[in-house]
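Contents: one structure, followed by commentary.
The values are calculated or read from the model by the stated rules, or taken from the named source; none is laboratory data. Keep in mind that what you see is a predicted model, and the values were worked out from it rather than measured. Every residue, glycine as well, gets a Cβ built from its backbone with ideal geometry; the counts of neighbours run over all protein chains shown. Areas reflect the complete protein model, heavy atoms only, side chains present, ligands, DNA and RNA absent. Shrake-Rupley method; radii C 1.70, N 1.55, O 1.52, S 1.80 Å.
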Amino acid sequence: MRLQLSEEDEAFRAELRTFFTTEVDEGVRATVRDRGELTKEQIVETHRTLNAAGLAVPHWPVEWGGKDWSPLRRHLWHEEMQRACVPPPLAFNASMIGPVIATFGSQEQKERFLPPTANVDIFWSQGFSEPGAGSDLASLRTAAVRDGDDWIVNGQKTWTTLGQWGDWIFTLVRTNPDVKKQAGISMLLIDMRSPGVEVRPIELIDGGHEVNEVWFTDVRVPGENLVGDVDSGWTQAKFLLGNERVGVAPVGATKRVLAQAKEWAAATRSGDGTLLDDPHVAVRIAELENELMALELTALRVVANSADGKPHPASSVLKLRGTELQQAVSELVVDVAGPGALAFGTGDADSDLPVWARRSTPTYLNLRKASIYGGSNEVQRQIIAGTILGL
Amino acid sequence: MRLQLSEEDEAFRAELRTFFTTEVDEGVRATVRDRGELTKEQIVETHRTLNAAGLAVPHWPVEWGGKDWSPLRRHLWHEEMQRACVPPPLAFNASMIGPVIATFGSQEQKERFLPPTANVDIFWSQGFSEPGAGSDLASLRTAAVRDGDDWIVNGQKTWTTLGQWGDWIFTLVRTNPDVKKQAGISMLLIDMRSPGVEVRPIELIDGGHEVNEVWFTDVRVPGENLVGDVDSGWTQAKFLLGNERVGVAPVGATKRVLAQAKEWAAATRSGDGTLLDDPHVAVRIAELENELMALELTALRVVANSADGKPHPASSVLKLRGTELQQAVSELVVDVAGPGALAFGTGDADSDLPVWARRSTPTYLNLRKASIYGGSNEVQRQIIAGTILGL
Amino acid sequence: MDFELDEEQQALREAARGLLRKRYADFETRRGTVADAPGFDRDTWSKMAEMGLLGLPFTEDDGGMGAGPVEVAVVAEEIGRVIAPEPFLTSVVLTGGLVAAVGTTEQRAELLGGLASGESLVALAHAEPGARWVSTAAGVRAEEADGGWRLTGVKEPVPQGAEADVLVVSAALPDGGTGLFTLAGDDDGVTRSGYRAPDGSRAARITFDGAVATPLGEAGQDQATAIAAAHDGARVAAAQQAVGAMQVALETTAGYLNSREQFGVPLKRFQALTFRAADLYVAVELARSLALWAAMVQADPGTSAEERSTAAARAWAQASKAGRLVGQEAIQLHGGIGMTAEYSVGSYTAHLTTLDHLLGDARHHLGRLAASVGDHAEVDPLG
Amino acid sequence: MDFELDEEQQALREAARGLLRKRYADFETRRGTVADAPGFDRDTWSKMAEMGLLGLPFTEDDGGMGAGPVEVAVVAEEIGRVIAPEPFLTSVVLTGGLVAAVGTTEQRAELLGGLASGESLVALAHAEPGARWVSTAAGVRAEEADGGWRLTGVKEPVPQGAEADVLVVSAALPDGGTGLFTLAGDDDGVTRSGYRAPDGSRAARITFDGAVATPLGEAGQDQATAIAAAHDGARVAAAQQAVGAMQVALETTAGYLNSREQFGVPLKRFQALTFRAADLYVAVELARSLALWAAMVQADPGTSAEERSTAAARAWAQASKAGRLVGQEAIQLHGGIGMTAEYSVGSYTAHLTTLDHLLGDARHHLGRLAASVGDHAEVDPLG
């Protein structure tokens, strides 16, 4: 057992820290720091800055821009980004469809899609979930029917995050209704400018518009856009969702917000001192810090032991506990804001309340999703009980 | 809506308070106050003191010693007893078998059993649970087979509280193995001095001996000891268990212990002051007080609305929340005791630690049972979800 | 000890429920109503006035109905059930309660009369940036000038502040203490910037720049105690309002679990979900018991000011804690649909969150209760 | 950053596991062992000595093995897995650690040599009635007399105090500060009254009535810092011991759910139960991560005394909290059988409860951490 990073890893981390804090646009980082919403341009430009430095898709095959880093380095990269308020590379591109195409795609698909995916010349959307299916992804009903070499797609997807900005969408569609539900699914890449694709916004309780319904009405998709074999889509989906869970504990970002919460508490009057002097607030923060540290160390244990490619059984803890703590810290921030948390939809209105206080309730409400999307915490508990405890 | 007790109820309460604090043996009350263990003699003598004053079985039919009190008065009686550290009348007699015999027994059985039951001339034990059945009471396997007018009983009961002191035991036995499990059960009253009855102690993790296994080997039981009809035992069991849930939230006793915990915390040095000055301890106590008050008011709502005989749907909350709070207060006491909680089995050993501190861990460990026995909290949640929420 | 509503109170409940359900039974109506300022429906407000709800707790001499805290709680619960955006809590209970407590006879007649008739919306401008649920003012200062009073400083957030016809403003007095003043929302020297609160109701920043104002009640009097008492009164009503909202959020959640399937199995077969629903039921019932009790304490003429204040802290601490649990779990038990503005349950969560930070959260009030925990042995709700 | 045990450490684990499992694989053996004083098995204690476990953390010059906190943690975890009643934690880690830190060369050779060989049991008499996990002494006072020292006062509870051959005693010094002394358990002026702790281990009240004692280390020196550091070292080992106990309690619980039926259905079909087991797994893994990290911090020569102390508080706070949850839930998920002394799981709960109050519970240590929460921005385990 060894506590310290090796000298090489230490240097690696320092280099990243410098890059993230000097080469990434300060306005973007300030927006993240203030818990504001990023524009499409900010997301794309940051991603491209990272990609130009080889920092957008380090986990891809080297041939397509990957870096062959150790799991520990990938962890450090991810943590330092969050620490520096740098928005991570667009997940739909870097973590989701890119690795799928690199693994399952044809040579033509790789050449056609991977470079623009790495650079967000294509802004990808995800078309997996459907209304009423909840966590039961495999019960999807959007159907693709052959018409010559093409597929004709009809159906509806939902919870498509940032779908309003998408150029292309990777979808799971039912290509065979007559077999066990997982066995009749294929993965199709669909140009969102195709006739018959319609994106409809879903307003969330935080007042924002980040998810969408995507409707497909007789959408014609060329056969060459099928990834892997027909009816093999469930394999690609499991691969993609498995990747999704890696680094899914947003420890770095949560730690940063908790550190900010301390500053905010220290700047808030309470009784004779500040809110940070309030013993109940201080203990609540100390407990969250300890829980976060335990989670970060667990993440380090997981990466330290996944060098041989096998996922560590404790990895399922990361999503579950990571989202719980993310939510707990967001709740702390609302409580620090106190009455200021009422200033919710200030928009362009004048307000004497600090931006963080005004963003506290929308963020708190928005993060209720963290334990639902991307494999709900109930699904994570099911995995732990089933896979690890044998129940 | 009205906040106050009526003048009559106020007077009733004052009278009880006086009786409990002056007429019940002070040694017994001190033992309860110090969280010690009562002897059989203390339990029996206290019960008889109450019975002599008409306060042991007020909820029985008037003909057999009952008082025809309003539900509110029964509540006040129960709370004032706990408040005064008076051990309540022996539950097996007063709350369990007494009402069953009064409701389902023959005239002969009533005359034979009710007066000695009211006065604990018979010390009753309960023979319901069996090994491996857990909350699934109806799966019981102890069998009674007819032999002329008699029954021959074979099998094993467990968790028989205070069975070592029992004179008689009321049992559920399987009299018909060929029908649906609930339909083949009868209730038999068995003299524990009968040949073939063996009581074996079960040591619990608190080191104490309060529960037992009871083995029946070819025990001959006269047919006249069957309560109600053959194979109707499940009806009597449900009636008994329903009664068990009334007044099952030990609010009064928990409140008393919490008040004591404040005294103990105020007598414990911590930093520059006492443990009661510690803001974390004070808030924890304040929160428990509030939760207990909410529970007590819920109990009052339940009794206020059960005047027409129908149980209020919120009554299922009482057992669940009541035991949770009982356990939470016992945990608080262990924490107040701090290092003193290590002095566990001092027995006759010399100790400079106060008795309450030495009793804190045994009580904490013992009370883990509160959420298991008498309808586990999982069963209570099932009842709430099923009966009230329709799930 | 009796928790039952009498016949008149039951009739009040039926009437309020009928009116509010008629308006908001279709959740889309509420969503449309809060989409734009003023964030509530003026027609419903008028009908509430006609029904006597807007003057409910005020004396008949002041233009009210002469009812008490229990009747207020009855209406608040109905408001909560449909999360009606009409500002009954902040305008009638909180601001009206304060005017009734300290206003002169003329002020009561004018302000409460206008409020009760629905003609004039009143708002309390008390909260100040950086202050946390205190009963004093520091950010807005009152000065005597030309035989009158002028106010200078910032109040925020002020519930319904941008829409109110009349403002009641707390301000630091020249010689110490916190005074109360009243002026019209569109008076000179008053600048208002309104926005949406989390539940769709409205709040505002209000800047006073030497605005001329009239003392509410006796000039120069420290009104901090009255401000605290009015907030405690609002907490008792808010507790009942939260109970109404929690009850419906729970019913909605149970209904969802009852009607939906996942993995080919009805959701209600997932015991991990139904047990959590059972825990919500427990939380709601406990909060309801304390809320009802606190209303009775407020209504009982024999209770002391301190008892009423403690009762308010107790009831609201319990409701706040339960509201957080119910709000979070109701969304989680629904899954994604619970996150959408179109579906009702997330808006219940938003409303419970708003109430929580309007009146001080459970931790704040438990801290209040903790300070006196050594002063008594047991807590006895029967006195 | 590396969480893997090296080959030697793995061999140590296998050896310790083999020895302890051989003795305690049958739970009834443990139950029999703790039934009577001394509450542990002297034969197993001797075998642990032969294996080098009792001298593990001491230098070879002091008669030890020269291993470090990671090796101690490895053994502690194995102790925890079978809740072996042998006093490795209190005698070797805590008392031995303190002797190693402050004893003179001769004292170290004698006391640690005797401890390592299993010939002499040492105990730390530090806790005093009414004191709460402080590093100072007040109830026992040391006085110089006739060129020597005499101790007067009461220590309680003293783990293994009635059975120890040698006592290390903290005492208030005449000129302030807390000194350390050593004397034999059966010396004149020492009265011992032993009893059972909740987990079957033994504790005692020890009364000193002018008992002659020898200063441990330099006479008259304030040793409060060393006492605190030794307790922190014990906390790190205790965290790992608790993790071992929790791990087995969880495995036992999962095994029970897997094998038993109720209402004709396997218990593992009750999702409300299996989800709770999953939450226990999360708690155990998080506690394990902090415990391993804290052992590494202790083992790293580059860390400061303050860092080591904070790491101990962190690891133990997490283990304490997790231990309470696991202990309570393991019984509840079993039902009645979990309450019995005959079945193992309840004794795991009793052991976790004992550890919790031996070294200060989570609340105590979170309070410690809270005091310095404003001194840093983020907490970085990588330094």
Leaving out same-chain residues fewer than 8 places away, which aspartates and glutamates sit with a Cα under 18 Å from that of B:LYS262?
B:ASP34, B:ASP272, B:ASP277, B:ASP278, B:GLU287, B:GLU289, B:GLU291, B:GLU331, B:ASP335, C:ASP375, C:GLU378, C:ASP380
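Hey, any idea what % of the protein assembly as shown's accessible area is carbon plus sulfur with a 1.4 Å probe?
Working: 26810 of 55350 Å².
In the protein assembly as shown, the share of accessible area belonging to carbon and sulfur is 48 percent.
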Based solely on its DSSP helices, what 222 nm [θ] is calculated for chain D when runs of n ≥ 4 H residues each add -39,500 (n - 2.57) and the sum is averaged over all residues, nearest 500 deg cm²/dmol?
-15500 deg cm²/dmol
Placing +1 on the Cβ of each Lys and Arg and -1 on the Cβ of each Asp and Glu in the stretch D:224-375, which of D:THR310, D:LEU286, D:GLN241 has its Cα farthest towards the positive end of the resulting dipole?
D:LEU286
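What translational D, rounded to a whole number of µm²/s, comes out for the stretch B:248-388 from Stokes-Einstein when the hydrodynamic radius is the Kirkwood one over Cα pairs, at 37 °C and 0.692 mPa s? Please report the intermediate quantities before stating the final value.
Values: Rh = 16.5 Å.
Roughly 199 µm²/s, to the nearest whole number.
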Excluding residues on the same chain fewer than 8 positions from B:LYS238, give the aspartates and glutamates whose Cα lies under 19 Å from its Cα.
B:GLU130, B:ASP136, B:ASP229, B:GLU378
Show log10 I(q)/I(0) for the stretch C:7-120 at q = 0.13, 0.18, 0.22 Å⁻¹, two decimals, from a solvent-free Debye sum over equal Cα scatterers.
-0.46, -0.86, -1.20
How would B:THR254, A:THR274 line up by accessible area, probe 1.4 Å, largest first?
A:THR274, B:THR254
Quick one: which residues, 5 or more positions from B:LEU204 or on another chain, have an amide H under 5 Å from its amide H? H modelled 1.01 Å from N in the peptide plane, none for Pro or chain starts.
B:GLU210, D:ALA341
With the dipole of chain B worked out from charges on the C-beta (+1 for Lys and Arg, -1 for Asp and Glu) around the Cα centre, which of B:TRP356, B:GLY27, B:SER6 lies farthest toward the positive end?
B:SER6
Could you derive backbone 3J(HN,Hα) for the stretch B:229-239 from the dihedral phi with the Karplus parameters 6.51, -1.76 and 1.60 (θ = phi - 60°), listing whole Hz in sequence and x where the residue is Gly or Pro?
7, 4, 6, 9, x, 5, 5, 5, 5, 5, 4
Pseudo-label separations to other copies for B:TRP69 - Cα-to-Cβ vector, 7 Å, nm:
7.1
Might you work out the accessible area of B:SER351 for me, using a 1.4 Å probe with all protein chains in place, and round it to the nearest 10 Å²?
20 Å²
Given the options B:ALA118, B:CYS85, C:THR214, identify the residue whose Cα lies farthest towards the positive end of the charge dipole of the protein assembly as shown (+1 on Cβ of Lys, Arg; -1 on Cβ of Asp, Glu).
B:ALA118
Normalised per residue, the volume inside the convex hull of the alpha-carbon atoms of the protein assembly as shown in Å³ amounts to 192 Å³
Once the label point is set 7 Å along the Cα-to-beta-carbon vector, what list of distances in nm do you get between C:GLU106 and its counterparts in the other copies?
9.8
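In Å², rounded to the nearest 100, what is the total accessible surface buried by chains A and C against each other with a 1.4 Å probe?
Separately minus together, A and C give about 3800 Å² buried.
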Which sequence of D:MET246, B:MET1 reflects their accessible areas, 1.4 Å probe, from the largest down?
B:MET1, D:MET246
Averaging over every viewing direction, what projected area does the convex hull of the Cα atoms of the stretch B:124-231 cover, in nm²?
6.6 nm²
Computed for the stretch D:43-198: size of charge dipole around the Cα centre, +1 on C-beta of each Lys and Arg, -1 on C-beta of each Asp and Glu, debye to nearest 20, value 620 debye
Chain-alone versus full-assembly comparison, the stretch A:122-162, residues with accessible loss of at least 20 Å² (1.4 Å probe)
A:GLY132, A:SER135, A:ASP136, A:TRP159
Accessible area of chain B divided out per residue, in Å², using a probe of 1.4 angstrom:
38 Å²
Just how much of B:PHE344 is accessible, in Å², when a 1.4 Å probe is used and the result is rounded to the nearest 10?
20 Å²
Can you pull the Kirkwood radius for the stretch B:48-127, inverse mean 1/r over Cα pairs, to one decimal in Å?
12.8 Å
What Rg and what Dmax come out for chain A when only alpha-carbon atoms are used, in angstroms?
21.8, 77
Just reorder B:HIS75, A:HIS47 by solvent-accessible area, largest first, 1.4 Å probe, all chains present.
B:HIS75, A:HIS47
For the stretch B:1-91, what's the relative contact order in percent, using C-alpha pairs closer than 8 Å and at least 6 residues apart?
35 percent
About its Cα centre, how strong a charge dipole does the stretch A:124-231 have in debye, to the nearest 20, once Lys and Arg get +1 and Asp and Glu get -1 at the Cβ?
240 debye
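Let me spell out the model: positive unit charges on the Cβ of Lys and Arg, negative unit charges on the Cβ of Asp and Glu, origin at the Cα centre of the stretch B:7-89. What dipole size does that give, in debye rounded to 20?
On the way: 11 positive and 16 negative charges, 53 e Å.
About 260 debye.
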Between the label point of B:ARG2 and that of the same position in each other copy, find the distances and list them shortest first in nm, with every label point placed 7 Å from Cα along the Cα-to-C-beta direction.
8.0
May I ask you to evaluate 6.51 cos²θ - 1.76 cosθ + 1.60, the Karplus curve with θ = phi - 60°, for each residue of the stretch D:130-145 and list the ³J(HN,Hα) values in order in whole Hz, giving x for glycine and proline?
x, 8, 10, 6, 9, 9, 10, 10, 9, x, 10, 10, 9, 10, 7, 8
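How big is D for chain D, in µm² s⁻¹ as a whole number, if Stokes-Einstein is applied with the Kirkwood radius of its Cα pairs at 4 °C and 1.567 mPa s? Display every interim value, and only then the final one.
Details: Rh = 21.3 Å.
It comes out at roughly 61 µm²/s.
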Find the chain B residue whose Cβ sits closest to the rotation axis that carries B onto A, and give that distance in whole Å.
B:PRO279, 2
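As a check on your grasp of the helix formula, calculate [θ] at 222 nm for chain B: sum -39500 (n - 2.57) over DSSP H runs of n ≥ 4, divide by the residue count, round to the nearest 500.
Working: 12 runs with 166 residues, N = 391.
Calculated from helices alone, the mean residue ellipticity at 222 nm is -13500 deg cm²/dmol.
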Diffusion constant of the stretch D:171-279 at 4 °C, which comes from Stokes-Einstein with the Kirkwood Cα-pair radius and 1.567 mPa s, µm²/s:
69 µm²/s
Pairs A:LYS157/A:LYS319; B:LYS110/B:LYS369; A:LYS67/A:LYS181; B:LYS319/C:LYS268; A:LYS369/C:LYS22: which exceed 26 Å Cα-Cα?
B:LYS110/B:LYS369; A:LYS67/A:LYS181; A:LYS369/C:LYS22
